1. Pairs of lysine in the chain with Cα under 22 Å and at least 8 positions apart or on different chains: total?
2. So which GluC sites (Glu not before Pro) in the range 202-291 are both in a DSSP loop and have at most 14 other Cβ atoms within 10 Å of their Cβ?
3. Please list, ordered by chain and number, the residues whose modelled amide H lies under 5 Å from the amide H of T219; skip anything fewer than 5 residues away on the same chain.
4. Could you grab the Rg to Rh ratio for the range 151-298? Cα atoms only, Kirkwood for Rh.
5. With θ set to phi - 60°, apply the Karplus curve 6.51 cos²θ - 1.76 cosθ + 1.60 along the range 48-60 and write out the HN-Hα couplings as whole Hz, x wherever there is a Gly or Pro.
6. Enumerate the residues in the range 271-300 having an amide nitrogen under 11 Å from the point lying 7 Å beyond the Cα of R72 toward its Cβ.
7. If you build a Gaussian network model of the chain, linking Cα atoms that sit under 10 Å apart, which residue out of R280, R186, R210 swings the most?
8. Based on the Cβ-Cβ distance from S94 to A246, what FRET efficiency comes out when R0 is 35 Å, to the nearest 0.05?
Amino acid sequence: MAELKVMREEYLPPKAPPRRHLLSVADLTRDDVERLLGTARSFERSLEREMKKLPTLRGRLVLNLFFESSTRTSSSFELAAKRLSADTMSFKASGSSVDKGESLKDTAITLGAYDPDVIVIRHAEIGAPQLVARWTDAHVVNAGDGKHQHPTQALLDLYTLHEEFGRIDGLHVAIVGDVLHSRVARSNIQALTMMGARVTLVGPPSLIPRGIETLGCETTIDIDAIKAADVVYVLRMQRERMLEGANYVPSLREYAARWGVTPDRLRPGQKVMHPGPMNRGVEIDPVVADAADALIETQVRAGLVTRMAVLYDLLTHGPVAVQNAAEIHEVA
Ligand code: NCD
């Protein structure tokens, strides 16, 4: 019996290295984050040149599967892949066979037949990216699954903060608004605390999940608490994820009056971030959104280089990536 077991083990093919995915901030260590931000920085420098395209991922296929609406995330993944010379295929659920009732599994298997190297997926169901990682041979990047995770948003926010302050460690970030329905908040709380920032969640009690402090953050319902932070990170009221008939706030007008981020609630020089899309006049006053201290456009630009770094890192296996990025920067 023991002999048979040994024989079986001998006949097993050598183990292939595990495929790397980015499904959650929990997949990343502090070293991973630092490496990714470093790679993003070298890509940022490469974009300053007239010739913006790098040959790095030539011949690779990046498939963008968006089952939920998106402006910033889908456009930046598409441009990131193009800037690295990969082929891209972008699939939006509306107008596809999903409208005819095709399941996620059939869609993933059908498009997986083109052998994509990376699948970037956004889906309303929590865990959809994990399933696609199981059904296909591609590296999978979660571009947002329900209210669960949005890891590349957290990375681009860390990149933005690091560019602005030169550090993340010791920064105090107040996240304001609809935390309950926000994958951005969940990913950012994890990422910011991992990198040594202090996080305070601010909003109506109905929109701050009970027990979220276990992630290492503080909570308060007092909007004046945002004055103490270095950065105020504003969240949209995500009505499309709210349960029908549930009254989280009496009205949007009431919400804006009590928790809207307005000029008088901020300290001069305080930086403001928002993942977009913004609802001006609800969670953020238009004056705040357009002020010089708003980092909102910087976040969008950071989204491009950060997603380039993620695609590159997944396809070139970790620490080596940093070296290669520098080399490519020199030769391209
Ligand atoms: C966020 C998202 O989709 O989770 N937006 C984004 O990716 N830029 C936040 C939101 O929709 O409010």
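Every read-out reported here was derived from the displayed coordinates using simple, explicitly stated rules and does not represent laboratory data. Since the structure is predicted, the reported quantities are computational estimates derived from the model, not experimental observations. FYI the Cβ positions are ideal-geometry reconstructions off the backbone, even for glycines, and counts take in every protein chain you see.
1. 9
2. Filter output for the range 202-291: E244.
3. When sequence neighbours closer than 5 places are left aside, the close amide H contacts are L201.
4. Ratio value, two decimals: 0.93.
5. 6, 7, 5, 8, 8, 8, 10, x, 2, 10, 4, x, 8
6. Residues 273-279, 295-300 qualify, since their backbone N sits under 11 Å from the label point.
7. Looking only at R280, R186, R210, the largest GNM fluctuation is found for R210.
8. Details: r = 26 Å, r/R0 = 0.75.
E between S94 and A246, to the nearest 0.05, is 0.85.
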